[in-house]
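Undergrad: Questions regarding the structure given below will be posed in turn.
Please treat every number below as a calculation from the coordinates, not as lab data. Only a predicted model underlies this, so the values are computations on that prediction, with no experimental measurement involved. Neighbour counts run over all protein chains shown; Cβ positions are idealised from the backbone, glycine included.
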Amino acid sequence: MTSSIYRPSSSASHRPSPSTRHTRHSHFCFICSISLSFLRMSQGRGSAVATLMVMSLLVLLHCEVAEAATYTVGGAGGWTFNVVGWPKGKSFRAGDILQFNYDPSSHNVVGVGRVGYSTCKTLQGAKVYQTGNDKIRLVKGQNFFICNFPGHCESGMKLAVTAV
Ligand SMILES: [Cu+2]
């Protein structure tokens, strides 16, 4: 049931919008359309076995991605200062996508580790996102992001999300 994905949190100041989980991965339709193309091809050849195989694959893929969701970090305010508390009260799954919306001349998104998150330091080789419209897929476990413009992370422009 997708209606009860959010853990109740007595200290949360606002309830997250439940509508976010209904957004599915964009590649889902891509996979479906390719699979359906193969399906049509195999039907043309009259191969019942191939048709069955493709249909099974389609069902399998559907099950795999159906639960993935896209979350807009910070909600309407986007990726900005004091966004650090945004994940509170929300549940995330591996494969879910975080959408970071921001002005790329003022901010960026850097994938860091636990130490980078707590110290607001970017280690060499860290992945830097800077389009202003970044979609980042969550991996299982902890995911840490900061803005490494001077002083921003220290002003709460940091994010720690745990995906199950
Ligand atoms: Cu910033």
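Undergrad: Taking amide hydrogens as modeled 1.01 Å from N in the peptide plane, which residues meet the under 5 Å criterion relative to Asn108, leaving out close sequence neighbours?
TA: Excluding prolines and chain starts, which carry no amide H, the hits are Asn148, Phe149.
Undergrad: At R0 = 30 Å, how high is the FRET efficiency between Phe149 and Ala94 if r is their beta carbon distance? Nearest 0.05 is fine.
TA: Efficiency for this residue pair is about 0.55.
Undergrad: Taking a cut-off of 20 Å between Cα atoms, list the lysines near Lys127, but don't count ones fewer than 8 places away on the same chain.
TA: Excluding near neighbours in sequence, the set is Lys135, Lys140, Lys158.
Undergrad: Something else: Taking the highest mean first, how do the peptides 120-131, 105-116 order by number of other beta carbon atoms within 10 angstrom per residue? Numbers along the way, then the final one.
TA: Working: 120-131: 12.3, 105-116: 16.9.
So the order, starting with the most tightly packed, is 105-116, 120-131.
Undergrad: Moving on to the next point. To make sure I understand the rule: partners must be aspartates and glutamates, Cα under 13 Å from the Cα of Lys121, and not fewer than 8 residues away in the same chain. Which ones qualify?
TA: Glu154
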